[in-house]
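The values are calculated or read from the model by the stated rules, or taken from the named source; none is laboratory data. All values derive from a computational prediction rather than experimental measurement. For neighbour counting, all protein chains shown are included, and Cβ atoms are generated from backbone atoms with ideal geometry for every residue, glycine included. Calculation scope for accessible area: heavy atoms of the full protein, side chains included, ligands and nucleic acids excluded. Shrake-Rupley method; radii C 1.70, N 1.55, O 1.52, S 1.80 Å.
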Amino acid sequence: MPQTTAPTIAEALASFAVRECRTAMRALADAKQRHRGVHEARKAIRRLKSLLTLAAEPFAESLPSIETTLGRLATGLSPLRDAYVAVNTARTVAGPMPSSEWRHAIEALEHRSEGRLVAALARDPRFLKRRRELRDLAATIEALPWQEVRRDTVEQAIARSERRVAKAHKRASHHPSPVNLHRWRRRARRLRMQLDAWRKVLKVTGKSSHHRAHEDKAAAHAMSKLSDALGAKQDLRALRTALRSLREPEAVAPLLEQIRQELKKHRKIG
């Protein structure tokens, strides 16, 4: 049997990028689990953005417009995702035997979540417009000058991401405001996705035995834990905001106190 030639680094990166576009398209086409589809589509968009940033230099001319399109798609799906996450976070905090106050709040949050989904599908039936945008974007991404992407291009981009995470960590440590913590989380999440993608690229190209392999795997694991911890804290803050927006101060007061206690557990992140 003829031997299969391993793809180049550039070919592997291009393949993974186009695959993320198609993953997002399939997720938005999932009519059985709409909320899960929205969540998976946003994750694919984030992975795609982080991957394209690895080639920011050779893609300097085309990347801004691509990032604008991806940003618009993600932002448009954010209210749906946020409303659904508020429901799931509320269920987690409420526990297996929620109080009557929690049951009432969860019901109100579920109503809001479903209402947002219905409204979004009325404006974009079956998410066809978004899916067409992603299809066109896949063609644009496939036509990028991938041949100009080299190993050192990617490793320099990862080094820049590491510096950005360190800078955000320092800022959040000195002033742990929601804005600074969110910036730290976003940068840590992007670095984790870049390290994950790079490890996969090296594996399929047969170049995984490089001097940073162990360090990159450990760093990706650390960034994943950090991103998850910061994400849990952000979800609690978002739930608190959502409960306050219900405008039932007496009913949600004990729930807000419970969230305050949960947030205490996340004070010493990082």
Three principal axis extents, largest first, for the C-alpha atoms of the chain, in Å?
68, 45, 40
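Find, among the GluC sites (Glu not before Pro) in the range 1-71, those assigned to loop by DSSP (not H, G, I, E, B) with at most 12 other beta-carbon atoms within 10 angstrom. Numbers along the way, then the final one.
Values: sites: Glu11, Glu20, Glu40, Glu61, Glu67; in loops: Glu61.
Answer in residue order: Glu61.
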Whole-number Å³ per residue for the convex hull built on Cα positions in the range 1-108:
170 Å³
Please build a GNM for the chain, connecting alpha carbons under 10 Å apart, and tell me which residue among Ala90, Ala12, Ala253 fluctuates the most.
Ala253
Can you bin every Cα-Cα distance in the range 83-155 into 10 Å intervals starting at zero and give me the percent of pairs per bin, rounded to whole numbers?
16, 24, 19, 19, 17, 5, 0
Comparing Val154, Val201, Val93 in a Gaussian network model of the chain (Cα, 10 Å), the one with the largest mean-square fluctuation is Val93
To the nearest 10 degrees, the tilt of helix 128-142 (Cα long axis) against the first principal axis of the alpha carbons of the chain is 30 degrees
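By the scheme Lys and Arg +1, Asp and Glu -1, what is the net charge of all other residues having a beta-carbon under 14 Å from that of Arg160?
On the way: positive: Arg163, Arg164, Lys167, Arg187, Arg190; negative: Glu57, Asp152, Glu155, Glu162.
So the surrounding residues net to +1.
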Modelled FRET efficiency - R0 41 Å, Ala31 with His175, Cβ distances, 0.05 increments
0.35
Relative contact order of the range 49-115, pairs being alpha-carbon contacts under 8 Å that are 6 or more residues apart, as %:
30 percent
Select from Lys200, Lys233, Lys32 the residue whose mean-square fluctuation is largest in a Gaussian network model of the chain (Cα-Cα springs shorter than 10 Å).
Lys32
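Multiplying the sequence separation of Gln147 and Lys203 by 0.36 nm and subtracting their Cα-Cα distance, what value in nm do you get? Please list the in-between numbers first.
Details: separation 56, 0.36 × 56 = 20.16 nm, distance 1.89 nm.
Additional length available on full extension: 18.3 nm.
Probe of 1.4 angstrom, ligands and nucleic acids ignored: what's the accessible area per residue over the range 1-130, in square angstrom? Write out the running numbers ahead of the final one.
Values: 6990 Å² over 130 residues.
Heavy-atom SASA per residue in the range 1-130 reads 54 Å².
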Summed over the other residues with a beta carbon less than 14 angstrom from that of Arg22, with K and R at +1 and D and E at -1, the charge totals +2
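Express in nm, to one decimal, how much length is gained between Thr5 and Ala253 on full extension, taking 0.36 nm for each residue of separation and deducting their alpha carbon distance.
Working: separation 248, 0.36 × 248 = 89.28 nm, distance 6.30 nm.
Roughly 83.0 nm would be gained on extension.
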Would you mind checking the tilt of helix 9-28 against the longest principal axis of the Cα atoms of the chain, expressed as 0 to 90 degrees and rounded to 10?
30 degrees
Tilt of helix 100-123 relative to the longest C-alpha principal axis of the chain, in degrees (0 to 90, nearest 10)?
50 degrees
With every protein chain present, what accessible area does Thr5 have (1.4 Å probe, heavy atoms only), rounded to the nearest 10 Å²?
120 Å²
